[in-house]
Each structure stands twice: as structure tokens, then as C-alpha cells.
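Colleague: My structure is below; once you've seen it, I'll send some questions.
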Amino acid sequence: MSNTLDSHRLIDYAKLSGSSDAEEKVVKSLFRRYFEQEEDIGDHDVLLGAAEDAGLDRQQAKAYLESSDGVEALQERMRQVKKLGVTGVPFYIINNRFGVSGAETPETFVSAFKQVFECTECH
């Protein structure tokens with residue numbers, strides 16, 4: 001199993017790139033490369049291919065991945081989601097306060113949304 005830190009950084013980079021759909025294209029490319037083509041999404045050549053698939057400049061993406069840009073912010077997000085109890089996927093975070101883990105029934109989500117609404121009205 002490979003380390004996916006840089007794949008998450010690439011997704012963040014795509015989001016920051018200014019292109020409205022680059023983030024989604026990178027995610028789709030990474031999923032295709034990992035699940036269909038069985039590529040190592042921890043490998044920078046694979047990641048740079050995903051960047052190109054999304055229309056991002058390969059050299060700029062390479063410079064970003066070779067730097068430490070975005071690492072601290074990503075690690076902080078990882079600390080935050082651990083506090084919410086995230087241990088796997090899927091995991092849904094609602095209003096940055098409530099978490100729903102796993103594939104759940106619609107009723108579970110309705111209950112979570114009601115809790116969010118009630119909590120929001122308390123303040």
C-alpha cells in the first residue's frame with residue numbers, strides 16, 4: 001500500500017489552480033489509475049499523469065509536489081477529521097460538527113441533518 005499524502009496534495013493543488021473542474025478531473029483520474037489500471041498513486045509520475053489528465057501543467061505540478069507546500073495544511077485537516085472520529089471511508093462530515101460513518105440509510109442522514117439544524121438554531 002502506498003502513501004497517498006501526495007495524491008491528496010495534488011487534489012488540493014488542483015483546487016487552488018483556478019480551474020473550476022480541475023479538482024474533480026484529478027480525483028477521477030486518480031480513481032481510474034488506482035482502481036482500473038492498478039497504478040501506484042503514491043508515485044510522482046502517476047500523479048503527474050493525473051495532473052496532465054486534468055489539464056494542469058506538469059512542470060508546475062511537479063514543482064508543487066517536490067516542495068513542502070500544502071503539507072502542514074493537509075496534516076492539520078487530518079488531525080481535525082481524526083477528532084471527529086474518522087477512521088475510514090465513506091465518512092460524511094456535516095456542518096463541520098457531525099459525522100456519519102459508513103454507508104447509512106436515508107433515515108440516518110435525515111436524523112443527522114435535523115441535529116445540525118437544531119444545533120444551529122441553539123446559537
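Readers should treat all values here as calculations from the given coordinates under stated rules, not as data from a laboratory. Note that the structure is a prediction, hence the values are computed from the model and not measured. Cβ: placed from backbone, ideal geometry, glycine included. Neighbour counts: every protein chain shown.
Colleague: May I ask you to evaluate 6.51 cos²θ - 1.76 cosθ + 1.60, the Karplus curve with θ = phi - 60°, for each residue of the range 85-101 and list the ³J(HN,Hα) values in order in whole Hz, giving x for glycine and proline?
Modeller: Taking θ as phi minus 60°, the curve returns x, 5, 10, x, 10, x, 8, 10, 10, 10, 6, 6, 9, 10, x, 10, 9 Hz for the range 85-101.
Colleague: By per-residue mean of other Cβ atoms within 10 Å, what is the highest-first order of 28-35, 15-22, 105-112?
Modeller: 28-35, 15-22, 105-112
Colleague: Using a cut-off of 13 Å between beta-carbons, work out the net charge of the residues near D43 (Lys and Arg +1, Asp and Glu -1, D43 not included). Before the final figure, lay out each step's value.
Modeller: Values: positive: R33, K62; negative: D6, E38, E39, D40, D45.
For residues surrounding D43, the net value is -3.
Colleague: Rounded to the nearest 500, what is the chain's calculated 222 nm mean residue ellipticity when only DSSP H runs of at least 4 contribute -39500 (n - 2.57) each, over all residues?
Modeller: -18000 deg cm²/dmol
Colleague: Measure nothing fancy, just the Cα-based angle from helix 44-53's long axis to the longest principal axis of the chain, in degrees from 0 to 90, nearest 10.
Modeller: 80
Colleague: Could you state the number of Å between the C-alpha centres of the range 1-32 and the range 50-67?
Modeller: After rounding, the separation between the Cα centres reads 10 Å.
Colleague: Can you find, among G55, V89, A22, the residue farthest towards the positive end of the dipole of the range 1-121? Put +1 on the C-beta of Lys and Arg, -1 on that of Asp and Glu.
Modeller: It is V89.
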